[in-house]
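These notes are about the structure you will find just below.
The values are calculated or read from the model by the stated rules, or taken from the named source; none is laboratory data. Being a predicted model, the structure only gives us computed values, none of them experimental. Glycine gets a Cβ as well: all are built from the backbone with ideal geometry, and neighbour counts include every protein chain shown. Keep in mind that these areas ignore ligands, DNA and RNA; they rest on the heavy atoms of the full protein, side chains included. Shrake-Rupley method; radii C 1.70, N 1.55, O 1.52, S 1.80 Å.
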Amino acid sequence: MDKFKKNKIFYSALVLVAALFVAGCVLAVEKYLAKGKSAAVFVAVNKEVTALLQGHPLTTGTPAISLTTENVTAATADLDALTKHIELLRANIAGNAELAIRGKVATSSSEFTTQLKQSVDEWRKLAKDQDVKMPASELSDFGFRRYIRNPGTSPKRDLQRVDQQRQIVDFLFRQLIESRPPSSPLLFESVDREPIETFVLIPDGKPNAGTMGPEAEGARNEPDEFVPTRVFDRRGLVETLSFRVRFVGYTPTLRTFVNKVRNSGRPFAITTVEVTPTTRENEKLLTTVAVSAASATPTAAAPASANGIPSSLAAAFFNGDNAATKPGKPGTPSGPQRDDRPVVMKEAPSAFTVQIDYLFLPEPKAPATPEGEPKK
C-alpha cells in the first residue's frame with residue numbers, strides 16, 4: 001500500500017493499461033463473432049443469388065428460367081401488360097358512367113317505402129296496359145314482398161343498395177315487356193332479387209351472402225328472394241347484385257330479352273337460363289291472352305298462331321311445308337294445301353328462368369386515422 005501511495009501515477013497507469021487490454025479483448029471477440037455471422041449471411045445470400053442465376057424450371061422437362069437481364073425485361077413487360085389488362089377489365093365492368101344504375105345516396109326510410117310502393121304500382125299498371133298476365137293466385141311483388149306485404153317496414157341497412165336493386169328491377173321488367181313480339185302472349189311470374197339487407201354481417205362490416213341465420217334481419221325466405229349459387233362476385237375485385245326473371249312464353253321473347261339485356265351497354269351478365277314445361281293453369285292464361293289479342297286485331301289481318309306468327313307461316317315452319325307461297329306473289333298459295341299432314345312438333349309455351357348479375361366495382365374504403373383507428 002505504501003508503494004502504491006509512493007508511486008500513484010505508475011500504478012494508475014498500469015491499471016488503465018490492464019483495463020484497456022481487457023476492453024480490447026472483449027471488442028476483438030465481438031468483432032470475431034460478428035464476422036462469423038456476416039460470413040454466414042454472405043454464404044446464404046450467395047447461394048440464393050447463385051440459384052437465381054442458375055434458374056428454376058417451371059415445369060418438368062422445360063429449361064430453367066434464370067434471373068438474367070432479358071428475363072427481367074420480359075417479366076416487367078408481362079407485369080405492365082397484366083396491369084393494363086386489369087385496368088381494361090375494370091373499365092369494361094364500370095361501363096359508361098351515364099348508363100350506370102345507382103341507388104339514391106340520401107334516401108330516408110319513409111321516402112324509400114313510398115318510392116317502392118309507387119314503383120310496384122307502376123309495374124303492375126304497365127303489365128295490365130300491355131296485356132301481360134300475372135298469376136291469378138297472387139300478384140307479383142317484384143322481389144320486394146317483405147315490404148309490400150308489411151306496410152311501414154323498410155330495410156334497416158344498405159338502403160342505397162336496395163334502392164339500386166329497385167332501379168335494376170325497373171330496367172329488367174321494361175326490357176322484358178319490350179321483348180315480347182306483337183300479339184305474343186306473355187305471363188310474368190316474378191323478378192326475384194338477392195336480399196342483401198338480410199345477410200349476416202361479417203367482421204369487416206360487409207354482408208355475407210352465404211350465411212343467413214336466425215340473427216339475420218327479417219330472414220323469412222320470401223318466395224321472391226333467393227341466394228344465388230353462381231355469381232361473378234369476386235371480393236375486392238368486382239361485386240354483383242343478382243336477379244332472377246321468371247316468365248312463361250315462347251322462345252322469341254326469351255331470345256329478344258337476353259339480347260336486349262346483353263346489348264344494353266350496362267354491365268349485365270347472364271349467368272343461367274333454365275327452360276321447363278309450364279303448368280296447365282299457365283297455358284290457360286296464355287290462351288286467354290292469345291284469344292283477346294286475336295279479337296283485337298283487324299279482320300283483314302292474317303290469323304296469328306299462339307306465338308304471334310301468322311298461321312300460314314307457322315304451318316309452313318312447323319309442318320315442313322316450304323311451298324306455302326309463290327316466289328313472285330306473296331300470300332298466294334303455290335299448290336295444293338297440305339293442312340291434312342300430321343303435326344310432328346307442336347309449339348307450346350315454356351317457363352323461363354333467367355338469372356342476371358349486375359356487375360360494379362367495389363367502393364374504395366374510407367381512410368383511417370394516423371393511429372390506425374377508423375374515423376368516427
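Some points to look at:
- Built amide H within the under 5 Å cut-off of Thr272, gap 5+: Gln355
- Near-label residues of the range 240-276 by backbone N, under 19 Å of a point 7 Å along Cα→Cβ of Asn92: 240-241, 259-272
- Pairs exceeding 22 Å between alpha-carbon atoms, taken from Lys104/Lys260; Lys104/Lys156; Lys133/Lys284: Lys104/Lys260.
- Between the amide H of Ala351 and those of Thr276, Thr278, distances stay under 5 Å, these residues lying 5 or more places away or on another chain, with hydrogens modeled in the peptide plane.
- Placed amide H near Gly55: partners under 5 Å, 5+ positions off or other chain: Leu67
- Think of the range 49-204 as a dipole: +1 on every Lys or Arg Cβ, -1 on every Asp or Glu Cβ, centred on the Cα centre; then among Leu53, Ile86, Val191, Val191 lies furthest on the positive end.
- Computed with a 1.4 Å probe on the full set of protein chains, the accessible area for His85 sits at about 90 Å².
- Three-way shape label, the range 1-114, alpha-carbon gyration tensor, a/c 1.5: oblate
- Whole-Hz ³J(HN,Hα) from phi, Karplus 6.51 cos²θ - 1.76 cosθ + 1.60, for the range 88-100, glycine and proline x: 5, 4, 4, 5, 5, 5, 5, x, 6, 4, 6, 9, 5
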